Structure formats: C-alpha cells, structure tokens
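K.L.:
Below: one structure in structure tokens.
Only the coordinates and a few stated rules stand behind these numbers; no lab work does. Here the structure is a predicted model, which is why all the values come from computation and not from measurement. Here the Cβ is made from the backbone with ideal geometry for all residues, glycine too, and neighbour counts use every protein chain on show.
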Amino acid sequence: MSAAATAGTWKLGDLEVNRVGYGAMRLTGNGMMGNSDDTPIDRDVAVGLLHGAFEQGVNHIDTAAFYFSPMRSANELINRALSSWCGEVVVVTKVGPARDPSGEWLTMARPDQLRGQVEENLRQLGRDHLDVVNLRANGPGTASIAEHFGALAELRAAGLVRHLGLSGVLPRHVAEAQMIAPVVCVQNSYGLDWRRADESGLVDLCGEQGIAFVPFFTVSGLRREAAAGRERDTRVHSVARAHNATPAQVRLAWTLHRGPHVLAIPGTRNPAHLAENIAAGILRLTEEELALLDKPGESTA
C-alpha cells in the first residue's frame with residue numbers, strides 16, 4: 001500500500017482518490033500571494049517534486065489557472081509532470097476569481113465568462129476535459145451561486161467538465177447547487193484553529209450527502225500563513241511528541257479524523273515536508289488526544 005493510501009480513499013463522483021492529496025498553490029511561490037520578489041521554483045525540481053508525490057500514492061491534485069507567479073504557473077508545472085507520468089491522477093481546478101497578467105486580482109467572473117476560464121484551464125493542463133471544476137464563490141456572503149453554477153452545469157453537459165464542486169461556500173449554497181447538478185466536493189478553509197465549517201454544519205452536511213469535504217489552510221489554521229494560537233499549539237506539540245511526529249502532521253491527522261469524507265491537500269515545495277505531509281495519513285490519534293486538541297484554546301481572532 002502506498003503512503004498516501006494509508007488514510008483510505010474517497011470518490012469524487014466516479015473518480016476514486018486517496019484521501020491525502022497535494023495542493024499546487026505553493027508551487028508558484030509567494031508571487032501567488034502578491035509578492036513579486038519570490039524566487040521561482042526550477043521547473044525540473046517542481047516536476048521531480050510532483051513525481052515524488054505520485055510515487056508516494058498521491059493521485060489527487062488541487063490547482064487553478066490563477067495559481068501563478070511572474071515566472072511560474074501551477075497548471076503548466078502539473079501539465080509537464082503528468083506528460084511524463086503513466087499513472088492516473090485526478091486534477092481538480094477552480095474557476096470564478098481571476099487575475100490579470102501582472103497578478104492583480106480582478107472582479108469575480110460573470111457566468112458567461114466561466115467558459116473562457118474552463119477553456120484556459122484545459123489549455124494550460126493540456127487536456128480535452130477537466131476532471132473536477134470547483135466554483136469558487138465570492139465569499140460566504142454571496143447571495144446566490146445559481147447562475148454561475150448553472151453555467152458550469154452546461155459545460156458539464158457539453159463534456160468539457162466531468163464533475164463539479166464548490167469552494168468558499170455555506171450549506172445553503174450547497175443546497176442551491178445540488179438542485180442544479182451533483183456536487184462531488186466542497187473546499188473551504190478549515191483546520192484545528194478555524195472551525196467555521198463545523199459551526200455552520202457544513203462538514204457534517206457533506207458527510208451526510210456523500211460529498212468530499214476538502215479543507216485548505218489546514219496546517220496554518222486561523223491566520224493562514226501565520227502561526228496558530230499558543231495555547232492550542234502547545235497541545236499540538238504535546239501530541240506530536242507522543243507520536244514522534246511533527247505539529248503539521250498532527251494537524252493534518254486531526255482533520256482526517258473528522259470523517260472518512262474529509263480529504264487533505266497540503267502543499268509544499270520541500271520534498272521532506274511532502275513526505276511528512278503524506279505520512280500524516282498513517283497517524284492514528286486516540287480519543288483522549290482528539291479531546292485534548294478539541295478543547296477551546298486562546299482567542300486568536
């Protein structure tokens with residue numbers, strides 16, 4: 001059994017994937033976050049990193065056409081890696097937001113602009129159809145996603161997209177989308193320090209409906225790129241020491257313990273961190289450790 005398969009599998013529609021996947025945003029460097037001074041990753045190094053992930057059983061990659069820095073595009077790197085790989089890898093991309101060539105964020109795409117975004121992903125990835133496309137909503141305050149999701153459902157019917165998902169949504173958005181076309185996954189920010197998807201009932205809702213819940217910023221938590229709250233982090237370190245694991249592995253393992261429908265897509269440009277992230281699927285936390293980690297920590301809001 002591969003390392004990524006130790007946490008089990010889940011189906012995105014008819015596409016079975018190992019629960020531990022890979023998020024490609026970090027492949028592009030901090031330029032994705034608006035820092036144009038970030039050193040671009042060498043293409044061969046990036047391809048080697050992706051092949052290393054595939055060799056360890058990762059068969060689910062999360063990406064987007066707007067994951068790019070001045071010198072690198074995540075989709076381009078994935079295309080290059082897959083062109084020299086013989087195994088099956090499910091690629092999940094997302095549409096909705098957009099950036100201009102300089103990297104500046106634009107307004108949310110109109111429903112009639114989504115086809116262009118889908119076609120751009122197809123071009124960059126070198127594919128004739130996309131495995132899964134997530135509609136990235138314009139924040140939880142979005143009143144309705146019906147028009148946008150309906151436009152994607154038409155592209156699914158036309159054969160450009162195999163399955164549809166959502167990102168950055170609330171339970172009411174899931175219900176709205178399900179009336180239009182099946183939803184196979186939901187991506188939201190979620191982790192030990194950022195539990196709004198629990199508070200809204202979204203994680204449980206996805207489990208009840210057989211939808212994969214795919215959290216991002218799982219390791220970094222509440223403040224995304226910043227460290228987590230000290231009190232809870234002390235407990236994370238305590239559990240990590242008991243398992244001879246890293247704090248990041250404990251945070252990933254906690255997320256995977258949330259339910260068999262919960263996937264993980266940690267990203268990194270470091271091969272050692274990649275192996276550690278994938279190995280988090282092996283980690284089995286006790287009920288006592290889960291209770292300790294779940295205790296309220298200091299406020300970081």
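K.L.:
Near Ala275, within a Cβ-to-Cβ distance under 14 Å, what is the net charge of the other residues, with Lys and Arg +1 and Asp and Glu -1? Before the final figure, lay out each step's value.
P.N.:
Details: positive: Arg269; negative: Glu55, Glu276.
Here the count lands on -1.
K.L.:
Taking the chain as a Gaussian network, Cα atoms linked when under 10 Å apart, which of Ile61, Ile282, Ile211 shows the biggest mean-square fluctuation?
P.N.:
Ile282
K.L.:
Let me ask something additional. Just to confirm a number: summing +1 for Lys and Arg and -1 for Asp and Glu over residues other than Thr63 whose beta-carbon lies under 13 angstrom from that of Thr63, what do you get?
P.N.:
On the way: positive: Arg26, Arg72, Arg80, Lys94, Arg127, Arg136; negative: Asp62, Glu76, Glu120, Asp131.
Here the charged neighbours net out to +2.
K.L.:
Still on this structure, please answer the following. Can you compute the modelled spin-label distance between Ala143 and Asp128, with each label point 7 Å from Cα toward Cβ, in nm?
P.N.:
Label at Ala143, label at Asp128, 4.2 nm between them.
K.L.:
Would you kindly state how much longer the chain becomes between Thr9 and Met71 on full extension, computed as 0.36 nm times their sequence separation minus their alpha carbon distance, in nm to one decimal?
P.N.:
Numbers: separation 62, 0.36 × 62 = 22.32 nm, distance 3.46 nm.
Contour length minus the Cα-Cα distance gives 18.9 nm.
K.L.:
When the label point is put 7 Å from the Cα of Trp85 along its Cα-to-beta-carbon vector, which residues of region 255-280 have a backbone N closer than 15 Å?
P.N.:
Taking a point 7 Å out along Cα→Cβ of Trp85, the residues of region 255-280 whose backbone N falls under 15 Å are 265-271, 274-275, 278.
K.L.:
Right, something else. Who wins for biggest fluctuation among Ala272, Ala253, Ala197 in a Gaussian network model of the chain, springs between alpha carbons below 10 Å?
P.N.:
Taking springs between Cα atoms under 10 Å, the residue moving most is Ala272.
K.L.:
Same structure, new question: Below 11 angstrom from the Cβ of Gly201, what's the summed charge of the other residues (Lys, Arg +1; Asp, Glu -1)? Write out the running numbers ahead of the final one.
P.N.:
On the way: positive: Arg172, Arg196; negative: Asp198, Glu199, Asp204, Glu208.
Surrounding charge for Gly201 is -2.
K.L.:
Shifting gears a bit: Compare Ala109, Ala242, Ala46 in a GNM of the chain, Cα atoms joined below 10 Å, and give the one with the largest fluctuation.
P.N.:
Most flexible of the set in this elastic network: Ala242.
K.L.:
What full-extension length gain, to one decimal in nm, is calculated for His237 and Glu288 as 0.36 nm per residue of separation minus the Cα-Cα distance?
P.N.:
On the way: separation 51, 0.36 × 51 = 18.36 nm, distance 1.49 nm.
Length difference between fully extended and current span is 16.9 nm.
K.L.:
Which three semi-axes in whole Å describe the equivalent ellipsoid of the chain, each the square root of 5 times a Cα gyration tensor eigenvalue, listed largest first?
P.N.:
Output for the chain: semi-axes of 28, 23, 19 Å.
K.L.:
Roughly what % of DSSP beta bridges within the chain run antiparallel, to the nearest 5?
P.N.:
20
K.L.:
Also: For region 1-135, what's the radius of gyration and Dmax over Cα atoms, in angstrom?
P.N.:
In Å, with Rg to one decimal and Dmax whole: 15.0, 44.
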